[in-house]
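Below: the structure, in structure tokens.
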Amino acid sequence: LLEELDLRKEVQNAGQLGLTLPQGISIPKHFEAFTRESVLIQQFASGSNPSDIRDPALMKSSLQKLGTALIKNLFTTGVFHDDLHPGNFRIVPNTGEIELLDTGRVGHLTEAEREDLVPLLLAIRTHDSAQIISILVRLHPPKNQVDFEGLKKSVTEVMSSHEDVSRVISKLFFECGN
């Protein structure tokens, strides 16, 4: 949280993320010389909030472009916008370009995390709580004693109460395969 409050970190994150973005997705230019811990000066974002876009074809193509870039970055560089919601990106109506905002949180997956991403998503898709736990523990070994039976029960409960997550992952795999 403290990192998010230092706007100099946002400028640094924007630079890292910006290097990984494809044409058509950008981050408004930050003026680093004028940025301080609590002051951020950046170029005006000319796009519209996604909720203001009335053209379904534009919305679909823009979200596909953004989704494709996000998935590609997750698997190739491991760098991703860690707070991506409709308030943190804009769509330029006449071009379909996307502007990413608020880069205070940018995530970085290790090579091992990237390698385990597909198995983890498949385990989520199939509601395989034991496999989910196995992957997470392999990637991030617990520092303290863990009640694995209790953890498995909790993961199973979460999975059963979030059927929509499974449908989204399934749809992503279907869309990526087409």
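The values are calculated or read from the model by the stated rules, or taken from the named source; none is laboratory data. These numbers come from a predicted model, not from an experiment. Cβ placement follows ideal geometry from the backbone for every residue including glycine, while neighbour counts extend to all protein chains displayed. SASA here: full protein model, heavy atoms, side chains in, ligands and nucleic acids out. Shrake-Rupley method; radii C 1.70, N 1.55, O 1.52, S 1.80 Å.
Some notes on this structure:
- Using a probe radius of 1.4 angstrom, the carbon and sulfur fraction of the accessible surface of the chain is 57%.
- Computed on the chain, with alpha-carbon pairs under 8 angstrom and 6+ residues apart, the relative contact order is 21 percent.
- Summed residue charge, Cβ within 11 Å of Ser129's Cβ, Lys/Arg positive, Asp/Glu negative: -1
- Amide hydrogen neighbours beyond the local backbone of Gln42, cut-off 5 Å, H modeled: Phe31
- For the chain, accessible area per residue (1.4 Å probe, heavy atoms of protein chains only), Å²: 63
- Shown in residue order for the stretch 121-130 are the 3J(HN,Hα) couplings computed by the Karplus curve 6.51 cos²θ - 1.76 cosθ + 1.60 at θ = phi - 60°: 5, 5, 5, 5, 4, 8, 6, 8, 4, 4 Hz (x for Gly and Pro).
- Applying the criteria of a DSSP loop state and at most 10 other Cβ atoms within 10 Å to the GluC sites (Glu not before Pro) of the stretch 1-44 yields Glu37.
- Mean ellipticity per residue at 222 nm, deg cm²/dmol - from DSSP H runs of n ≥ 4 across the chain, formula -39500 (n - 2.57): -15500 deg cm²/dmol
- Convex hull of the chain built on C-alpha atoms - directionally averaged projected area, nm²: 12.4
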